[in-house]
Amino acid sequence: MKVLLFADPGIDDSLAIIYALLHPEIELKGIVTGYGNVSVFDATRNASYLLALAGRTDIPVIRGTSQPLSGMHTIFYPEIHGPEGLGPIIPPEDFKADIYPFELMFEIIEKDKEDIIIVDVGRQTTLAFAYNLRPELMEKVKEIYLMGGAFMVPGNVTDIAEANFWGDPIATSVILNKAKKIYITPLNVTNRAIVTRDIAKFIFNHTSSPYKYLIPAVTDYYAAFYDQVMPGIDGSPVHDVFTLYYLMNKEKAYTIKRDVRIAIVDGSRGQSIADLRMIYKEPEHEHYIVMDFDYNDFIADFIRVNLGAD
Ligand code: BDR
Ligand code: CA
């Protein structure tokens, strides 16, 4: 599976990048970074650093957007993801990220336009730009996967909104209207995709991957935040990893087709809305929402991929 990943690493983004790199059936074609959990500069350096740790600097990192389309002030989340986005890990001061030109993003899509899959686990501003700049190319992309939204469950950044959809609702709305086919993994499922401290420790004890030390370090850091907001889970939801797991295991999850829209105005900003009545309006768009999954299968897959086992 050829994947172009848009991300804002960020702890769970980092675990998603690692999952993509270690998954035997994912061919990671590039990482497009953006602001979100941290600034676009930290996100870019973190993505590059993660690739360097595994000697995979052949995968290009492209720096995306630095703020939402509305130009509104951006809030970062060092208290959740660490001062620079990798929890307790700070890349060495002399580490230099290799950044590729923005145009390369279109070249990557162009080259594999029939089968490249776009997965966006950050604020969706850069992807919306892509639809704006190259609509004729982007309409050929067959599937987009978005981590975002919360359908009839509480949000995380506000009581009703999930962070990625809240970050730039105008961008999300552009994508919802323009993309051919979209799969959404909302908090309904990602909040339950929990990696516990024990699982991270287990991976540490059994893997020889270049991320051996990083996995428990970032999981413990992320879990300390979740101890406050979701007490008792003894770990943390890995929202962004779940989106890739879903891409690779779609048939194992429960997905529904509904038109999705997003609130843009203050007061309800970022709220994701779909017709979830028993008798619902026939959808006009190819929007799919993931509503349920098998946790045991997810966590077994997460462990298997991180141990480097087939
Ligand atoms: C999403 O927001 C970010 O904090 C995470 O990386 C994830 O993509 C969860 O709401
Ligand atoms: Ca993210």
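The values are calculated or read from the model by the stated rules, or taken from the named source; none is laboratory data. Not measured: the values here are computed from a predicted model. Positions of Cβ are generated from backbone atoms using ideal geometry, with glycine treated the same way; all protein chains shown enter the neighbour counts. Heads up: the accessible areas ignore ligands, DNA and RNA and are worked out on the full protein's heavy atoms, side chains in. Shrake-Rupley method; radii C 1.70, N 1.55, O 1.52, S 1.80 Å.
Does the range 201-223 hold any residues that are open to solvent by less than 60 Å² (accessible area, probe 1.4 Å) and not in a helix (DSSP H, G or I), and which are they?
THR207, SER209, TYR211, LYS212
Does any residue of the range 189-200 turn out to be part of a helix (DSSP H, G or I), open to solvent by less than 30 Å² (accessible area, probe 1.4 Å) and without any contact (Cβ under 8 Å) to a residue 60 or more places away in the chain?
yes
Mind checking which residues of the range 20-36 are assigned to a loop (DSSP other than H, G, I, E, B) and away from ligand 1 (no atom under 16 Å from the Cβ)?
The initial filter retains those residues of the range 20-36 that are assigned to a loop (DSSP other than H, G, I, E, B), namely 23-26, 34-36.
The answer is HIS23, PRO24, GLU25, ILE26.
Would you mind finding the one in PRO101, PRO88 that is under 23 Å from VAL241 (Cα atoms) and exposed (fewer than 15 other Cβ atoms within 10 Å of the Cβ)?
PRO88
Being on the phi < 0 side of the Ramachandran plot, over 17 Å from the mean Cα position of the chain (by Cα), away from ligand 2 (no atom under 16 Å from the Cβ) and open to solvent by 60 Å² or more (accessible area, probe 1.4 Å): is that true of TYR295 here?
So TYR295 passes the test.
If TYR77 meets every condition in (1) within 18 Å of TRP166 (Cβ to Cβ); (2) touching a strand residue (DSSP E or B) at 6+ places or on another chain (Cβ under 6 Å) apart from one, which number is that one?
(2)
Restricting attention to the range 128-184, and to residues there that are of a type in the set (D, E, K, R) and more than 20 Å from GLU284 (Cα to Cα), which single residue is nearest to ligand 1 (Cβ to nearest atom)?
If we take residues in the range 128-184 being of a type in the set (D, E, K, R) and more than 20 Å from GLU284 (Cα to Cα), then GLU162 is nearest to ligand 1 (Cβ to nearest atom).
If you take just the helices (runs of 4 or more DSSP H) that sit entirely in the range 94-173, which of them hold at least 3 residues that are within 15 Å of ligand 2 (Cβ to nearest atom) and within 21 Å of TYR226 (Cβ to Cβ)?
Passing ranges, in order: 163-167.
Within the range 234-252, does at least one residue satisfy the condition of being surrounded by 17 or more Cβ atoms within 10 Å (Cβ to Cβ), more than 28 Å from ILE144 (Cβ to Cβ) and not acidic (Asp, Glu)?
yes
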